[in-house]
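The structure appears right after this line, and notes come after that.
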Amino acid sequence: MDYQKIIEDIYQEILPFSHQGKQADYIPALAKVNPDQFGMCLHTVGGEVYPFMKADAAFSIQSISKVFSLAMCLSLKGEALWKRVGKEPSGTAFNSLVQLEIEKGIPRNPFINAGAIVLSDILLSELEHPEEDFLRFVRSLCEDDSVDYNMEVALSERETGYLNAAIANLLKYHGTIENDIESVLMFYFKTCSVEMNCMQLSKAFLAFTNHAPFEYAGYRLSQSRIKRLNAVMQTCGFYDEAGEFSYLVGLPGKSGVGGGIVAVCPHRYAVAVWSPRLNSKGNSVMGMKALELLTTQTQESIF
Ligand code: GLU
């Protein structure tokens, strides 16, 4: 399969959408990013790498970090994790409070903010050095020790993260989080602030294609667990647009408000795409289009 040529053709086809949408500006540090950028990279399980345009430009991974937190928590807690957080699509916005209140503080899934805040709490309870361990895990997935937190982004989000603070308070009220609210929120914001580029992200997600035993920085997951983690990405990875992404692209994946999307074609490849302009649901406009065309042209999806 000539992925390089396919990606180049896709880019030409999606150019008319390059000014649609706008970047996330509710986190002040993200509002400063030049919105008119595009990068993409595909890593195959055979070791081929297909970078395109700004594939080496670092961006804020934001909610993509939730997949790394989930993998660590599943490795540490196993099935018992699902007592603390659900695995049903939410059908509401990523930062919605309403459902959390009705469901008495058990978040619908680990990829909405409430769910990921619970994952952060679990990592704080389980690990002696959660911040170092999180980075070590991500660095080992992408085999690159330069990956790091961006403190400007983390602090910028802390200053304006009123909704996330409300979510954490509601969780604490219902007894779903054990640690103090401030520590949980700061750790959550730090994990979201991690910067990676498309090459590093597609390499990291190759681990989730289930082509080889999963063991990174001491965190182990069985093939069956990876399959299930992919199931959660498939049903919950795209805010309340998970159905649309499944319909158009047909791959498990995860997006972030920094404009990144990573998707996994089991046993074949992992692909990352980045373009900061988002649609009204918070997903990258160019990113969604690019992946839709990728699975259409390669005829490689899980369906
Ligand atoms: N840190 C962002 C927030 O909590 C993550 C949002 C996202 O990428 O979905 O609002």
| Mind checking which pairs have a first residue in segment 248-264 that is more than 14 Å from ASN197 (Cα to Cα) and a second that is near the ligand (Cβ under 9 Å from one of its atoms) and among the charged types (D, E, K, R), Cβ under 7 Å, 6 or more apart or different chains? | LYS254/LYS66
| Would you pick out the residues in segment 147-165 that are within 12 Å of the ligand (Cβ to nearest atom), aliphatic (A, V, I, L, M) and in contact (Cβ under 8 Å) with a residue 24 or more places away in the chain? | VAL153, ALA154, LEU163
| Quick check: anything in segment 11-32 more than 16 Å from the ligand (Cβ to nearest atom) and of a type in the set (Ser, Thr, Tyr)? | yes
| said: If a residue must be farther than 19 Å from MET233 by Cα and in a loop (DSSP other than H, G, I, E, B), how many such residues does segment 69-114 contain? | reply: 4
| said: Can you report the number of residues in segment 244-285 which are part of a helix (DSSP H, G or I), of a type outside the set (Ser, Thr, Tyr) and either over 23 Å from ASN95 (Cα atoms) or at pLDDT below 95 (or both)? | reply: 1
| Yes or no: THR296 touching a residue at least 12 places away in the same chain (Cβ under 8 Å) and in a helix (DSSP H, G or I)? | no
| request: Run down LEU124, LEU171 and say which single residue is over 21 Å from the mean Cα position of the chain (by Cα), buried (at least 19 other Cβ atoms within 10 Å of the Cβ) and touching a residue at least 24 places away in the same chain (Cβ under 8 Å). | output: LEU171
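The values are calculated or read from the model by the stated rules, or taken from the named source; none is laboratory data. A quick note: this is a predicted structure, and the numbers were derived from the prediction, not measured. So basically every Cβ, Gly included, is an ideal-geometry build from the backbone, and we count neighbours across all protein chains shown.
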